[in-house]
Amino acid sequence: MRIGMLTSGGDCQALNAAMRGVVKGLANNVDDLEVYGFYEGYKGLIYGNYRLLTSADFSGILTKGGTILGSSRQPFKLMRVPDENGLDKVEAMKANYKKLGLDCLVILGGNGTQKTANLLREEGLNIIHLPKTIDNDIYGTDITFGFYSAINVATYAIDCIHTTATSHNRTFIVEVMGHKVGWLTLYAGVAGGADIILIPEIPYSNEKILDAIEKRRKAGKNFTILAVAEGAISKEDAALSKKELKKKMAKETHPTVSYKLANMITEATGQECRVTVPGHTQRGGSPVPYDRILCTRLGSAAAGAILEGKFGYMVAMVNGETKLVPLKDVAGKLKTVDPDSPMIQEIKRMGISFGD
């Protein structure tokens with residue numbers, strides 16, 4: 001049996017653990033197995049940059065962050081566009097797949113990666129996709145690997161801010177990754193005890209944010225912590241068309257929404273407001289135990305699908321069980337936070353503000 005493997009898009013803590021799960025699940029059930037690793041995601045598949053991996057490559061990587069194969073971002077919208085030398089990327093990927101005589105290509109990545117995986121499926125290749133992203137925004141699975149590890153990092157950042165916020169009676173904003181969805185900010189905000197949580201799915205108003213800060217002040221709490229997603233948006237901006245918003249953002253002087261909010265809060269309250277951006281630390285470090293277990297299960301389930309000749313699927317986790325979900329049913333779809341969900345209502349009941 002010959003399989004190919006690649007990791008595409010942004011890295012996360014549990015990519016290696018997932019690859020290990022696939023290979024161990026196959027190696028223990030196939031006498032003759034060859035695993036070819038493509039370097040730097042789809043770039044390796046396009047330009048034939050790969051090597052035959054050995055059992056030693058997958059030893060000791062359960063706890064190792066990043067990806068032993070490297071990664072890169074190859075936008076889906078450009079996959080049908082020839083490169084600077086006129087190379088047809090899709091045909092090149094198919095040619096390298098066939099050149100190696102692969103029985104299956106295992107692809108680990110997020111939404112953009114998944115769309116290209118589905119494209120290759122449509123082109124006749126045997127594909128298995130494993131859902132990776134710290135954003136947890138892949139449709140069709142309850143959880144993505146990397147999510148809980150990122151929650152751990154973001155929560156720790158909020159925990160650390162608590163001590164200095166209380167010591168200096170300041171308002172602090174911790175900016176959490178997430179341009180389009182707020183899962184990571186939501187979970188880290190709750191776990192870290194943030195007082196205000198701002199996510200893209202629930203547009204905020206400055207007045208509501210200031211009301212929440214004032215309410216805390218009247219209660220004798222002279223500090224406030226906001227967990228703010230990168231893609232948090234005001235009600236005013238949310239009402240604009242994409243063209244109008246793009247034009248407005250081009251004139252924006254603040255580097256991110258968090259700095260804009262910090263300036264607004266300082267001017268309105270006279271209280272010093274500082275911004276902390278954990279940034280790419282949220283992608284780094286060792287995977288937490290939950291992700292190690294999740295990846296072991298997803299990897300083993302992927303191996304099971306390959307052994308049974310079931311291709312064209314994403315291996316998902318649904319209601320605590322692994323499930324094969326057709327790529328054609330989920331590719332291109334985004335899983336967002338439902339503003340009316342029980343979880344949001346439960347959190348609001350605790351007195352946490354979403355700025356709405």
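The values are calculated or read from the model by the stated rules, or taken from the named source; none is laboratory data. Computed from a predicted model, the values in this text were never measured in an experiment. Positions of Cβ are backbone-derived with ideal geometry, glycine not excepted, and every protein chain shown enters the neighbour counts. Quick note on the areas: whole protein, heavy atoms, side chains included, nothing else; ligands and nucleic acids left out. Shrake-Rupley method; radii C 1.70, N 1.55, O 1.52, S 1.80 Å.
Please determine whether any residue of the range 61-73 is assigned to a helix (DSSP H, G or I), touching a Gly at 6+ places or on another chain (Cβ under 7 Å), open to solvent by 30 Å² or more (accessible area, probe 1.4 Å) and touching a residue at least 40 places away in the same chain (Cβ under 8 Å). Steps first, please.
Kept after step one, since they are assigned to a helix (DSSP H, G or I), are these residues of the range 61-73: none.
The answer is no; no qualifying residue exists.
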If you take just the helices (runs of 4 or more DSSP H) that sit entirely in the range 146-248, which of them hold at least 3 residues that are loosely packed, with under 15 Cβ neighbours inside 10 Å?
147-168, 206-218
Does ILE134 satisfy being touching a residue at least 60 places away in the same chain (Cβ under 8 Å), open to solvent by less than 10 Å² (accessible area, probe 1.4 Å), farther than 21 Å from PHE311 by Cα and not in a helix (DSSP H, G or I)?
yes
Take the range 1-23 and flag every residue that is touching a helix residue (DSSP H, G or I) at 6+ places or on another chain (Cβ under 7 Å), assigned to a helix (DSSP H, G or I) and not hydrophobic (A, V, I, L, M, F, W, C).
ARG20, GLY21
Pair list, Cβ under 8 Å, 6 or more apart: the range 3-19 residue under 18 Å from LYS43 (Cβ atoms), other residue acidic (Asp, Glu) and assigned to a helix (DSSP H, G or I):
none
Can you give me the ranges of the helices (runs of 4 or more DSSP H) entirely in the range 287-356 with at least 3 residues that are open to solvent by less than 60 Å² (accessible area, probe 1.4 Å)?
289-307, 342-349
Under the condition of being aliphatic (A, V, I, L, M) and in a loop (DSSP other than H, G, I, E, B), which residue from the range 100-131 is nearest to PRO326 (Cα to Cα)?
LEU125
Condition (residue is closer than 16 Å to GLY9 by Cβ, touching a Cys at 6+ places or on another chain (Cβ under 7 Å) and in contact (Cβ under 8 Å) with a residue 24 or more places away in the chain) applied to the range 100-110: is it met by at least one residue?
no
Which of the residues that make up the range 74-103 are open to solvent by 70 Å² or more (accessible area, probe 1.4 Å) and within 27 Å of ASP32 (Cα to Cα)?
LYS98, LYS99
